[in-house]
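Report on the following structure.
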Amino acid sequence: MNYYNEIKNQLINNEINRKVKNYSINRSDLNTYYNVGKLLLDAGNHYGDSIIKEYSIRLTNELGSGYSQRNLRNMRQFYKVSQKWQTLSAKLSWSHYCEVLWFDDNKFQYYVKIAELNNISVRQLREKIKSNEYERLPVDTKNKIINQDVSNVVDFVKNPILIKNSNKYDIFSEKILQKLILEDIPTFLKELGSGFTFIDNEYKLKLGNTYNYIDLLLYNIKYKCYVVVELKITELKKEQTGQIMTYMNYIDKNIKTMEENKTVGIIICKRENKYVIKYCSDDRIIAREYELV
């Protein structure tokens with residue numbers, strides 16, 4: 001079998017399809033690169049891995065740019081990955097797949113699923129990868145995505161939560177930490193997951209004869225619930241879970257409607273104390289560390 005001529009013909013046919021059938025460009029790309037990847041794997045088994053370099057030079061001379069050794073290796077890897085997972089989403093472009101092809105199995109599946117479910121662009125996918133989103137999520141959350149299980153409002157809250165500190169403030173109080181968050185609230189909300197909206201900071205509550213203030217009050221549209229966020233620049237302490245629980249119960253009794261779900265609490269602290277959360281009586285409360293970037 002003349003592997004080179006077959007590969008060349010596949011790529012030429014794909015270029016024709018791209019010009020004539022714009023509506024099916026992505027599917028044509030994926031099908032072509034799958035077929036080329038199989039041929040490259042077979043050719044490598046016969047002639048050795050150096051065949052990639054030879055074919056890259058010949059294809060570039062005859063067809064133009066776009067057929068570097070890296071691209072050909074990506075096509076071969078795409079075929080291998082497709083064999084492993086059988087069906088890969090045609091909703092994602094070749095550029096999406098090139099970002100994740102060389103990840104290990106679980107990491108690959110996570111980013112493919114998250115990109116497909118949320119219809120994210122290649123740029124957005126690249127940002128998620130750059131921020132180490134996969135590494136900062138709980139194992140249970142990653143498994144839910146891979147297995148397509150139902151998730152809850154706090155599943156996608158990263159740990160640590162990255163907070164921009166462009167002006168290099170010294171964090172010596174919760175007020176300064178709050179200021180940093182408010183300077184770029186859209187990015188902060190994305191760190192918490194999807195569906196979060198900002199209601200207010202220093203939200204005032206009257207408990208008896210005294211006023212208390214919630215650092216950040218949010219609402220999640222997707223899960224239809226209020227979210228109380230408290231900021232701490234120290235290690236998590238047990239009395240802080242009691243404080244946020246009081247605020248959550250206040251929201252539930254005085255603001256939440258019957259159609260909405262119970263309020264959730266997020267404590268963002270310098271250092272998490274897993275034993276405080278482990279023995280907390282309210283499983284609606286989670287703790288996450290913050291990291292300045």
Out of the residues in the stretch 195-253 that are in contact with a helix residue (DSSP H, G or I) (Cβ under 8 Å, 6 or more places away or on another chain) and assigned to a loop (DSSP other than H, G, I, E, B), which is surrounded by the most Cβ atoms within 10 Å (Cβ to Cβ)? Leu236
What single numbered condition from (1) closer than 16 Å to Val154 by Cβ; (2) within 25 Å of the chain's Cα centre (by Cα) fails to hold for Ile251? (2)
All conditions in (1) surrounded by fewer than 16 Cβ atoms within 10 Å (Cβ to Cβ); (2) in a helix (DSSP H, G or I); (3) within 33 Å of the chain's Cα centre (by Cα); (4) modelled with pLDDT under 95 are true of Ala90 except (2)
Here the residues within the stretch 258-278 that are in a strand (DSSP E or B) and modelled with pLDDT under 95 are Arg271
Consider Glu133 against the criteria (1) at pLDDT 95 or above; (2) open to solvent by 50 Å² or more (accessible area, probe 1.4 Å): it satisfies all of them except one. Which criterion is unmet? (2)
Across the stretch 93-125, the tally of residues that are touching a Leu at 6+ places or on another chain (Cβ under 8 Å), over 23 Å from Asp149 (Cα atoms) and open to solvent by 50 Å² or more (accessible area, probe 1.4 Å) stands at 1
Are there any pairs with C-beta distances below 7 angstrom linking a residue in the stretch 113-138 that is more than 15 Å from Leu101 (Cα to Cα) and assigned to a helix (DSSP H, G or I) to a residue that is of a type in the set (S, T, N, Q) and modelled with pLDDT of 95 or more, with the two at least 6 apart or on different chains, and if so which? Arg136/Asn159
Any chance the stretch 71-84 includes a residue that's surrounded by 14 or more Cβ atoms within 10 Å (Cβ to Cβ) and outside any helix (DSSP H, G or I)? no
Can you confirm whether Tyr55 is assigned to a helix (DSSP H, G or I) and crowded, with 17+ Cβ neighbours inside 10 Å? yes
Going by the conditions given, is Ser24 buried (at least 17 other Cβ atoms within 10 Å of the Cβ), of a type outside the set (D, E, K, R), modelled with pLDDT under 90 and part of a helix (DSSP H, G or I)? no
When only residues in the stretch 263-279 that are surrounded by 19 or more Cβ atoms within 10 Å (Cβ to Cβ) and without any contact (Cβ under 8 Å) to a residue 40 or more places away in the chain count, which is farthest from the chain's Cα centre (by Cα)? Thr263
Selection from the stretch 136-154 of residues that are touching a Leu at 6+ places or on another chain (Cβ under 9 Å), surrounded by 16 or more Cβ atoms within 10 Å (Cβ to Cβ) and not β-branched (Val, Ile, Thr): Arg136
Among the residues of the stretch 274-291, are any touching a Pro at 6+ places or on another chain (Cβ under 6 Å) and among the acidic types (Asp, Glu)? yes
Between residues in the stretch 187-202 that are farther than 21 Å from Glu133 by Cβ and residues that are charged (D, E, K, R) and open to solvent by 30 Å² or more (accessible area, probe 1.4 Å), which pairs lie under 6 Å by C-beta distance while being six or more apart or on different chains? none
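The values are calculated or read from the model by the stated rules, or taken from the named source; none is laboratory data. These figures come from a predicted structure and were not determined experimentally. Note that we place each Cβ from the backbone using ideal geometry, even for glycine, and neighbour counts take in every protein chain shown. Accessible surface is based on the protein model in full, side chains and every heavy atom, while ligands, DNA and RNA are left aside. Shrake-Rupley method; radii C 1.70, N 1.55, O 1.52, S 1.80 Å.
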